[in-house]
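Data block below; observations after.
The values are calculated or read from the model by the stated rules, or taken from the named source; none is laboratory data. The structure displayed is predicted, hence computed values, not measured ones. Here the Cβ is made from the backbone with ideal geometry for all residues, glycine too, and neighbour counts use every protein chain on show. We work out accessible area using only protein heavy atoms, side chains counted, and drop any ligands, DNA or RNA first. Shrake-Rupley method; radii C 1.70, N 1.55, O 1.52, S 1.80 Å.
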Amino acid sequence: MEPVLHLGGLSPTILGSFSTPKHHIPNHIAYNWSHQSHNLHTNDRISSLFFEKCHQFQCTHKLHWGKKSRTSIVACFPPVRDTRRNKKRLTHTHPQNTDLPPVLPKQKKKPFPIPLKKILETSRADKKLAEKGIEKPLEPPKNGLLVPDLVPVAHEVLDAWKILIKGLSQLLHVIPVHACSECGEVHVGPTGHEIQTCHGPNSANRRSFHLWVKGSINDILLPIESYHQFDPYGTRIKHETRFDYDRIPAIVELCIQAGVELPEYPSRRRTQPIRMLGKKVIDRGGIIEPPKTPPHSEVLELDTHRALERFPCPAESDVVGIAHSTLNAYEKVRWGVGKLMRKYSVKACGYCSEVHVGPWGHNAKLCGEFKHQWRDGKHGWQDATVDEVFPPNYVWHVRDLNGPPLKSLLKRFYGKAPVVVEMCVQAGAVVPRKYRPMMRLDIVVPDNEEARLVA
């Protein structure tokens, strides 16, 4: 039984002949024609609707090929449409569980943040302009001028950086932090964990267990420093002149070049743009000597040096408020650094953790990582990422502070979070939504005996 067209959809009823002419009707049923005439008019209208529908669907049924009469109608199915493409896929901004970025091996160079193909295309375009004698078109801040819209952002980042240092120094008096003396592992909790992930010296004798000591603020905010230059487009730093420049946090140097004025660290503000032909600077406005600053001028608020001594232990009622303000400052610093790095050039070594804020890297021969002998100790400069300028430093998330230490057997059930986030959460701050998947708060951690039964 084939289904036929129905006004409300497909019906499995066979209607037969909807519009049979009157002279084809037998005599023994002709007397019923007058009583059924109104039904035939209805059938004609239904039949017309059916053929219009078939034409609309571009029907290719074999029973309809070459038929001009409407003596019999056998409905066909309309072409099946793939409605999966029309449906919007349900994408979750924050999935249930996410894995951390993989740890890059030290025996290889870091991958380029910008695809190498795009770098080569830009280099070829600049080379063609240089061969034709056409100057390279530069926009702020590539031409040495400031970007007015990013000056307030730089001030916000620097203010949040001060709040972050102060908040972490106060929380360190309340929240215990442990650091491994043999490797760079950090743990936030009453006691160190028992996860066997140490790769330091003599780790085989300890079966990869960590040697925990009391942590400091430098274990939380990794000291990523950069040379401060009065003129980033001036004389390049050489290996012999590296001691003539101050080393300050890379975030502070980025804010200074973005428009923040600090008397202790002056910076040249150009009024005329520089001019470049290819990779060569043809006009930088001359070389200006930096002004002399007091020999012992230090900005303690911008550095983590002796931060625990400068900020005392907070009251118990103020811990939650400090945790919230510290977490907000951390997010603001990451947001601001990412926004500034979209415009201002920051370079990072492809082999070690050295970072330089400026259009070109320095020439100090201080790299001691993979194949540094081939490079005579010089750094392999490439574009930096936010995680290289402001490392998150992921640590294991501890759910129950009063429970047993974390075990290696249950390592796959534990989550991780940036160390600043973990400290603030243990101090009473609310877990940000974007960190919940990597902390794996939706996973139930089984017992040691139950872990073997988990697929």
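Note on N363 and N202: with the Förster distance fixed at 45 Å, the Cβ-Cβ geometry gives a FRET efficiency of about 0.75. Ranking V151, P140, G167 by Cα position along the charge dipole of segment 115-173, where only Lys, Arg, Asp and Glu carry charges on their C-beta atoms, puts P140 farthest toward the positive end.
Could you order H305, H228 so the one with the most accessible surface comes first? Probe is 1.4 Å.
On the way: H305 105, H228 20 Å².
Result, largest first: H305, H228.
Measuring r between the beta carbons of V103 and R268 and using R0 = 30 Å, the FRET efficiency lands at 0.15. Among 165-171, 195-201, 287-293, 388-394, sorting by the average number of other beta carbon atoms lying within 10 angstrom of each residue, highest first, gives 165-171, 388-394, 195-201, 287-293.
For segment 98-149, applying the loop criterion from DSSP together with a ceiling of 13 other beta carbons within 10 Å to the trypsin sites (Lys or Arg not before Pro) yields K106, K108, K132.
Only protein heavy atoms count here; under a 1.4 Å probe, W381 has an accessible surface of about 60 Å².
Ranked from the most accessible area to the least, with a 1.4 Å probe and all protein chains present, what is the order of E240, E450, E331? Spell out each step's value before the answer.
Working: E240 145, E450 95, E331 50 Å².
The most accessible residue leads, giving E240, E450, E331.
What does the charge dipole of segment 178-253 about its Cα centre add up to, to the nearest 20 debye, if the Cβ of each Lys and Arg holds +1 and the Cβ of each Asp and Glu holds -1?
The calculation lands at about 260 debye.
Would you kindly give the portion of the calculated P(r) for segment 92-160 that falls above 14 Å, as a percent of all Cα pairs? If you can, show how the numbers build up before the last one.
Numbers: 1874 of 2346 pairs.
Taking all Cα-Cα pairs of segment 92-160, the fraction more than 14 Å apart is 80 percent.
Taken about its Cα centre, segment 288-417 carries a charge dipole of about 600 debye when Lys and Arg each add +1 at the Cβ and Asp and Glu each add -1 at the Cβ. At the residue level, T385 shows approximately 50 square angstrom of accessible surface with a 1.4 angstrom probe and all protein chains present.
I'd like the GluC sites (Glu not before Pro) in segment 244-305 restricted to DSSP loop residues with at most 16 other Cβ atoms within 10 Å, sorted by number. Don't skip to the end; give the middle numbers.
Numbers: sites: E253, E261, E264, E298, E301; in loops: E261, E264, E298.
For GluC sites (Glu not before Pro) across segment 244-305 that sit outside H, G, I, E and B with at most 16 neighbouring Cβ atoms in 10 Å, the list reads E261, E264, E298.
Rolling a 1.4 Å probe across all protein chains gives W335 an accessible area of roughly 120 Å².
What does the charge dipole of segment 216-273 about its Cα centre add up to, to the nearest 20 debye, if the Cβ of each Lys and Arg holds +1 and the Cβ of each Asp and Glu holds -1? Could the numbers behind the result be given before it?
Numbers: 7 positive and 9 negative charges, 66 e Å.
The dipole of segment 216-273 has a size of about 320 debye.
Do any of K279/K371; K106/K416; K136/K378; K128/K347; K365/K407; K339/K407 go past 32 Å between their Cα atoms, and which? Over 32 Å apart, Cα to Cα: K365/K407; K339/K407.
Sorted by accessible area with a 1.4 angstrom probe, largest first, how do H239, H155 fall? Could you put the intermediate results ahead of the total?
Numbers: H239 50, H155 80 Å².
My answer, sorted largest first, is H155, H239.
Once fully extended, how much extra length lies between E240 and R433, figured as 0.36 nm per residue of separation less the alpha-carbon to alpha-carbon distance?
Working: separation 193, 0.36 × 193 = 69.48 nm, distance 4.88 nm.
Here the answer is 64.6 nm.
For segment 307-455, the relative contact order works out to 23 percent when only alpha carbon pairs closer than 8 Å and six or more residues apart are counted.
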